[in-house]
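J.: Please read through the structure below; I'll follow up with questions.
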Amino acid sequence: MNQKSFAPTGKPLAGYLLGGLLAGLLLFGGGFLSGTSASAGELDPVQNSVISTDLFLSWIGNQQKPLGLTPDQVRELRDIRVDFKLKSQDLGREMGRIAGSLSQEVGTYPIPLDKVKPSIRRLSDLRGELTLSAISSLARVQGILKKSQWEKARTSWSTHLATSRSKDSAPSSKNPDKK
């Protein structure tokens, strides 16, 4: 007996699974679609730029003494971080909504290309907005720091990242066999 699994809407479940997979690839697999290479489990360049910018903005706001930041600069850095976080969350929610819609559209037979193409274009536009927001935030940081503070921040950030990576890759003292 050949039985099919059905989604709550009565459509075959396999169509929803395929649609979800394809929409996930479109939303999170931008590196695949844009021709960049990424190994399994690695983030694509847009995700990396957003996460890196958020981490940098969090870190630099806590560098008042090492960078010689004034209270006004610290306040402005905090504002930049909040603005970036809100913008990236808004864009992320919209990207998720579009991915959900794509999942349903791609799960149908035949796939309605007239509906799918604009959604894919919008996802691409949103990814561009997210990247621009990250770069604009860094430009705002440069605008409030003196050039010497910016250079020191870049050097300190690079050292911070290298130190963090070496700690992450070093075997733990509790279990030296485990990396």
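J.: Scan the range 120-140 for residues that are touching a residue at least 40 places away in the same chain (Cβ under 8 Å), crowded, with 18+ Cβ neighbours inside 10 Å and more than 20 Å from residue 57 (Cα to Cα) and report the count.
T.: 1
J.: Could I ask something else about it? Go through (1) at pLDDT 95 or above; (2) surrounded by fewer than 18 Cβ atoms within 10 Å (Cβ to Cβ); (3) closer than 17 Å to residue 59 by Cα; (4) of a type outside the set (Asp, Glu) and name the single condition residue 143 misses.
T.: Unmet condition: (3).
J.: Return yes when residue 125 is farther than 30 Å from residue 156 by Cβ and either among the polar types (S, T, N, Q) or out of contact with any Cys (no Cβ under 8 Å at 6 or more places or on another chain) (or both) and no when it is not.
T.: When the stated conditions are applied, residue 125 passes them.
J.: Additional query: Do we find a residue being touching a Pro at 6+ places or on another chain (Cβ under 6 Å), assigned to a helix (DSSP H, G or I), on the phi < 0 side of the Ramachandran plot and surrounded by 13 or more Cβ atoms within 10 Å (Cβ to Cβ) anywhere in the range 82-97? Steps first, please.
T.: Residues of the range 82-97 that are touching a Pro at 6+ places or on another chain (Cβ under 6 Å), as a first pass: none.
No, there is no match, as no residue in the range 82-97 is touching a Pro at 6+ places or on another chain (Cβ under 6 Å), assigned to a helix (DSSP H, G or I), on the phi < 0 side of the Ramachandran plot and surrounded by 13 or more Cβ atoms within 10 Å (Cβ to Cβ).
J.: Give all pairs with beta carbons closer than 7 Å in which a residue from the range 68-92 that is in contact (Cβ under 8 Å) with a residue 12 or more places away in the chain meets a residue that is surrounded by 14 or more Cβ atoms within 10 Å (Cβ to Cβ) and not in a helix (DSSP H, G or I); count only pairs at least 6 apart in sequence or on separate chains.
T.: Once the first residue is in contact (Cβ under 8 Å) with a residue 12 or more places away in the chain and sits in the range 68-92, its partners that are surrounded by 14 or more Cβ atoms within 10 Å (Cβ to Cβ) and not in a helix (DSSP H, G or I) give 69/63; 73/145; 74/61; 77/61; 78/61; 81/61.
J.: Can I ask one more? What's the number of the condition residue 153 fails, among (1) over 30 Å from residue 79 (Cα atoms); (2) modelled with pLDDT of 90 or more; (3) in a helix (DSSP H, G or I)?
T.: Condition (1) is where residue 153 drops out.
J.: Sticking with this structure for a sec: Please go through the range 106-119 and give me each residue that is surrounded by fewer than 17 Cβ atoms within 10 Å (Cβ to Cβ) and either in a helix (DSSP H, G or I) or under 12 Å from the mean Cα position of the chain (by Cα) (or both), ordered by number.
T.: 113, 114, 115, 117, 118 - these are the residues of the range 106-119 that are surrounded by fewer than 17 Cβ atoms within 10 Å (Cβ to Cβ) and either in a helix (DSSP H, G or I) or under 12 Å from the mean Cα position of the chain (by Cα) (or both).
The values are calculated or read from the model by the stated rules, or taken from the named source; none is laboratory data. None of the values given here were measured: they were computed from a predicted structure. FYI the Cβ positions are ideal-geometry reconstructions off the backbone, even for glycines, and counts take in every protein chain you see.
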